[in-house]
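Bear in mind these aren't lab numbers, they're just calculated from the coordinates by the rules spelled out. Small disclaimer: the values here were computed from a predicted structure and weren't measured. Cβ atoms come from the backbone with ideal geometry, glycine included; neighbour counts cover every protein chain shown.
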Amino acid sequence: MATISATAVMPTREELVAARKRRERWRQIKGILFTSPFWIGFLAFSAIPMVLSLYLSFTRYDVLTPPIWAGTRNYLKLFDDPSLLTSLKNTVVYAGLSVPLGVFLGLVLAILLNQGAKGQSIWRSIYYLPSVTPVVAYALLWKWMLSRDYGIINAALGLFGVQPIDWLGDENWILIAFVLSSLWTIGGGMIINLAGLQSIPTELYDAAKVDGAGRFQSFWKITLPMMSPVLFYNVIMGIVGAMQSFSFFFVMTQGWGNTSYTDIGAVYMVHLYRMGFMKFQMGYAAAMAWLLFGIILVLTLIVVRTSRRWVYYESDWLTGGA
């Protein structure tokens, strides 16, 4: 029987390299195909609309007629719009109060629900459930609760002799009402904090107990540093969410009940909606959107920059902060 030499069936080096390149190319093609839904959605619903809105921000556009190039006129108008300045101030005040308060209470709830008490899964569900409630539903609920004439909050305060408060009509109270109602959704941050707490190694607490550390020292030296990345994430997401809030404020201030628009309690996104979709000044509304983008970017960079002083990662513990 004839034998076949080994050299007759062994592929050459060039053939091996070509086969490896074909496999690598096919792997890249499969990767592109699997990720194509994301890239198509990103281009269609994010990237292209952002580019178009940037172009429209330099035009005079009323939706009904083609846009007309206006240069920087819309951006210059931003500084002469008193309603914009008022809404921006209200938004910054709201974010400055609601974000720290929400992060703090979310951490407190997570710590309380991480004690291993009976029925804690039920309490977790109760606190988290409002976070998945539709925005319009809980906005209408809070609008009813904060009503001056028949709201349950004023009814409860009346039991202690407090006169009815016009929560949504008094400029001294409306932002406080917004901040209090924003705590309705702290369950989302609570769940994230709870996951962070449960990821802290118990060996650290055992070692601290052996060294004679009390609960407060363990919390200050172990819990807070180990939770700082989670708190950092909640702060960033809280700032972005608070600065872009729209539906809740729209329903509370002028939707389904209030027929007039006032600057009392108006926030930035409501004013943007009013200029773009009620007055059809789309070019100016696009400029407002890019101004808000710049403000959020600056605030985020400030938090990221300062995070080096108070956010600690596992690598910092292993390397001694080097």
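Think of each Lys and Arg Cβ as +1 and each Asp and Glu Cβ as -1; about the Cα centre, that makes the dipole of the range 45-186 roughly 400 debye. Placing +1 on each Lys and Arg Cβ and -1 on each Asp and Glu Cβ, with no other charges, gives the chain a dipole about its Cα centre of roughly 980 debye.
Largest mean-square fluctuation among A242, A70, A156, in a Gaussian network model of the chain whose springs join Cα atoms under 10 Å apart, belongs to A156. Could you state the angle between the C-alpha long axis of helix 187-198 and the longest principal axis of the C-alpha atoms of the chain, as a value from 0 to 90 degrees rounded to the nearest 10? With both axes taken from Cα atoms, the answer is about 50 degrees.
Mean residue ellipticity at 222 nm, helices only, the chain: -20500 deg cm²/dmol; runs of at least 4 DSSP H residues each add -39,500 (n - 2.57), and the sum is divided by the number of residues. Backbone geometry of the range 47-58 corresponds, through the Karplus equation with coefficients 6.51, -1.76 and 1.60 at θ = phi - 60°, to 3J(HN,Hα) couplings of 5, 5, x, 5, 5, 5, 5, 5, 5, 5, 5, 9 Hz, x marking Gly and Pro.
In the range 164-222, the convex hull through the Cα atoms has an average projected area of 6.4 nm², a quarter of its surface area.
Amide H contacts of R60: I68, W69, A70, each under 5 Å away and 5 or more positions distant or on a separate chain (H built 1.01 Å from N in the peptide plane; Pro and chain starts excluded). Angle of helix 13-42 to the longest C-alpha principal axis of the chain, folded into 0 to 90 degrees and rounded to 10: 10°. Among P164, P37, P130, the residue with the largest mean-square fluctuation in a Gaussian network model of the chain, with springs joining Cα atoms closer than 10 Å, is P37.
Just R274, R215, R60 to compare: in a GNM of the chain, with alpha carbon springs under 10 Å, which one fluctuates most? The residue that fluctuates most here is R215.
Magnitude of the charge dipole for the range 11-100, about its Cα centre and with charges confined to Cβ atoms of Lys, Arg (+1) and Asp, Glu (-1), is about 640 debye.
Rounded to whole numbers, the Karplus 3J(HN,Hα) couplings from phi for the range 143-156 are 5, 6, 5, 8, 4, 5, 8, 10, x, 5, 5, 5, 5, 5 Hz, using 6.51 cos²θ - 1.76 cosθ + 1.60 with θ = phi - 60°, and x at Gly and Pro. Phi angles across the range 123-131 convert, under the Karplus curve 6.51 cos²θ - 1.76 cosθ + 1.60 with θ = phi - 60°, into 3J(HN,Hα) values of 5, 4, 5, 5, 6, 7, 3, x, 5 Hz, Gly and Pro given as x. Projecting each Cα onto the charge dipole of the chain (Lys/Arg +1, Asp/Glu -1 at the beta carbon, about the Cα centre), which of L109, A242, V63 comes out farthest on the positive side? With unit charges placed on the Cβ atoms, the residue in question is V63. Close amide H partners of Y312, meaning residues 5 or more places away or on another chain with modelled amide H under 5 Å apart, are S228.
Once C-alpha pairs closer than 8 Å and six or more residues apart are averaged by separation and normalised to the residue number of the chain, the relative contact order reads 27 percent.
Could you grab the relative contact order for the range 146-274? Cα pairs under 8 Å, six or more apart, rounded to a whole percent.
Numbers: 72 pairs, mean separation 27.8, N = 129.
Taking the mean separation of contacting Cα pairs over the length of the range 146-274, I get 22 percent.
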